[in-house]
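Read the figures in this text as sums done on the coordinates, not as results from a lab. As the structure is a computational prediction, the values presented were derived from the model and not from experiment. Please note: Cβ atoms are built from the backbone with ideal geometry, for glycine as well, and neighbour counts cover all protein chains shown.
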Amino acid sequence: MKIRISTILTILIISLIFIQCKSTFNCLPNNVVNSKNISGVYKNESILSPFGNQDLWHCLKRWSRIENDNHLVYLSLHKRTIQAQLIKDNVIVDQKKIRGTLTDSCFVVNKKYLIIPILPILWGYNNQQIRISVRDSSLIVDEFTEDGGVMIIMAGGDDRNRTYEYVMINEKDSINTAP
């Protein structure tokens, strides 16, 4: 059975991309509470961050085109998922189900892979993974992003860690999220 060289190159390039992409988050702060307290209502605007202002909704749903207009984000934690809802005046504007792994200190979202074949020997990639944890009255979102390219057998890229913090408005089930 003959295997085409292009098939071998494709398998090699994809395996190099997945080997290259390993998330490394910064250490969690000392005052993190149990991750089961993630459920709640949060402002969509981040508290002052050295990395700029990133809306909570754009961290959770990175390709969303909705502009922040004093929206709130309602997070509801289930076993292996978080149900996120973007709310404006008690009306659900958008929603997303986020899958991941729950630990005692945080919720780690499953990694998102984006692989772009440019030519048979040249590929680009963008990968993202986020970690969600809770302080006493705020939500901390750590975002790990990696961009890079692969050419035949060489892979190179750039990664960055960003941390954003969002204020909790009130406890869960305190607003009406029924349709």
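Excluding residue 114 itself, what net charge comes from residues whose Cβ is under 11 Å from its Cβ, given Lys and Arg +1 and Asp and Glu -1?
Its environment carries a net charge of +1.
Could you list which residues have their amide H under 5 Å from that of residue 54, counting only those 5 or more apart in sequence or on another chain, with H placed in the peptide plane?
For residue 54, whose amide H was placed from the backbone, the distant partners under 5 Å are 46.
Can you give the net charge of the other residues whose Cβ lies under 15 Å from the Cβ of residue 71, counting K and R as +1 and D and E as -1?
-1
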